[in-house]
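Quick notes on the structure that follows.
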Amino acid sequence: MNNLHIVDHPLIKHKLSIMRNKDTGPKEFRELLNEITLLLTYEASRNLPTIEVEVETPLTITKGEMVEDKKITIVPILRAGLGMLDGVLSLVPNASVGFLGVFRDPDTLMPIEYYVKFPPLTEDHQIIIVDPMLATGRSMSHAIKQVKKHGGKHIILMCLIAAPEGVSVVIQDHPDVEIYTAALDEKLNDKAYIIPGLGDAGDRLYRTK
Ligand code: URA
């Protein structure tokens, strides 16, 4: 599983342990998700292409390198993906944002799409899809398919917790995509929740239960 990067860092482990705790409230949960997203973005952006620029310092002219952040598009999968959007945007503030609304049918567990709004995507764009929980992988695989259909080619997926089942589905359907996660958990339960996981990320972000 060369495409799977489990970002191993004491700060991520510390913050994720607080997020997993059932007694952690939405304010702290949102703040921690934002902080972990910053750390994941640092790692996931390591291979972004740079362009050479000329910079005039107070003393001389020198060469620098810059990321073409206008060619980066972040795609949060609604709604839990919104919890990771600001974390990425704070490091790449000129990125564009595309939105994809997908929920999973509770009976079939298949993804049902209800909203798509992407900026123009081209082959030289870097697309970062964010969703905290990679569970069955079906919504994520659907999202990647949509991004490709709209012209995206270079795709990174960032999540907080992945289940082995979801990772396998995404890698099988899209072997060209790199996956960055803060943790790889044990398994899914019979309702497709990640074990040990942290429960329903959307509900915990927005106190909807
Ligand atoms: N989505 C969640 O929010 N949590 C899970 O455990 C699985 C999918």
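Taking the simple approach of a point 7 Å from Cα along Cα-to-Cβ for both residue 8 and residue 176, what is their distance in nm?
Roughly 3.0 nm, to one decimal.
Across segment 42-50, in residue order, what do the Karplus-derived ³J(HN,Hα) couplings come to in whole Hz, using 6.51 cos²θ - 1.76 cosθ + 1.60 with θ = phi - 60° and x for Gly and Pro?
Per-residue couplings from phi come out as 4, 6, 5, 8, 4, 9, 5, x, 10 Hz.
Quick check: the distance between the Cα centres of segment 7-27 and segment 115-161, to the nearest angstrom?
After rounding, the separation between the Cα centres reads 25 Å.
For segment 107-209, what is the Kirkwood hydrodynamic radius in Å, using each pair of distinct C-alpha atoms? Don't jump to the answer; show the numbers that get you there.
On the way: mean 1/r = 0.0698 Å⁻¹.
In segment 107-209 this quantity evaluates to 14.3 Å.
What nm distance separates the two modelled labels at residue 117 and residue 48, each placed 7 Å from Cα along Cα→Cβ?
Each label point lies 7 Å from its Cα, and together they span 2.3 nm.
Under a 5 Å amide H to amide H cut-off, with H placed in plane at 1.01 Å, what residues pair with residue 156 once short-range neighbours are removed?
Distant-sequence amide H within range of residue 156: 127, 128, 129.
Viscosity 0.692 mPa s, temperature 37 °C: give me the Stokes-Einstein translational D for segment 1-95 in µm²/s, with Rh taken as the Kirkwood radius over C-alpha pairs.
On the way: Rh = 15.6 Å.
Using the Kirkwood radius from Cα pairs, D works out to 210 µm²/s.
When ligands, DNA and RNA are left out and all protein chains stay put, how many square angstrom of accessible area per residue does the chain have with a 1.4 Å probe?
On the way: 11180 Å² over 209 residues.
Counting only protein heavy atoms, the per-residue value for the chain is 53 Å².
Taking θ as phi - 60°, what are the ³J(HN,Hα) couplings along segment 11-17 by the Karplus curve (6.51, -1.76, 1.60), each to the nearest whole Hz, with x for Gly and Pro?
Listing the rounded values in order: 5, 5, 4, 4, 5, 5, 4 Hz.
So which of 71/148; 27/187; 27/209; 71/117 end up more than 20 Å apart, counting from Cα to Cα?
Working: 71/148 15 Å; 27/187 27 Å; 27/209 15 Å; 71/117 17 Å.
27/187, as the Cα separations exceed 20 Å there.
Determine the shape class of segment 72-164: with a ≥ b ≥ c the square roots of the Cα gyration tensor eigenvalues, call it rounded for a/c under 1.5, and otherwise prolate if a/b is greater than b/c, oblate otherwise. Provide the component values of the computation, followed by the final result.
On the way: a/c = 1.80, a/b = 1.39, b/c = 1.29.
Note, shape of segment 72-164 comes out prolate.
Can you give the Rg to Rh ratio for the chain, taking only C-alpha atoms and Rh from Kirkwood? Let's see the in-between values first.
Working: Rg = 17.5 Å, Rh = 17.6 Å.
With Rg and the Kirkwood Rh in hand, the quotient comes to 0.99.
Which of the trypsin sites (Lys or Arg not before Pro) across segment 114-176 are loop residues per DSSP, with 15 or fewer other Cβ within 10 Å?
153
The values are calculated or read from the model by the stated rules, or taken from the named source; none is laboratory data. Here the structure is a predicted model, which means the values were calculated and not measured. Cβ: placed from backbone, ideal geometry, glycine included. Neighbour counts: every protein chain shown. Please note that ligands, DNA and RNA were not included when accessible areas were found on the heavy atoms of the full protein model with its side chains. Shrake-Rupley method; radii C 1.70, N 1.55, O 1.52, S 1.80 Å.
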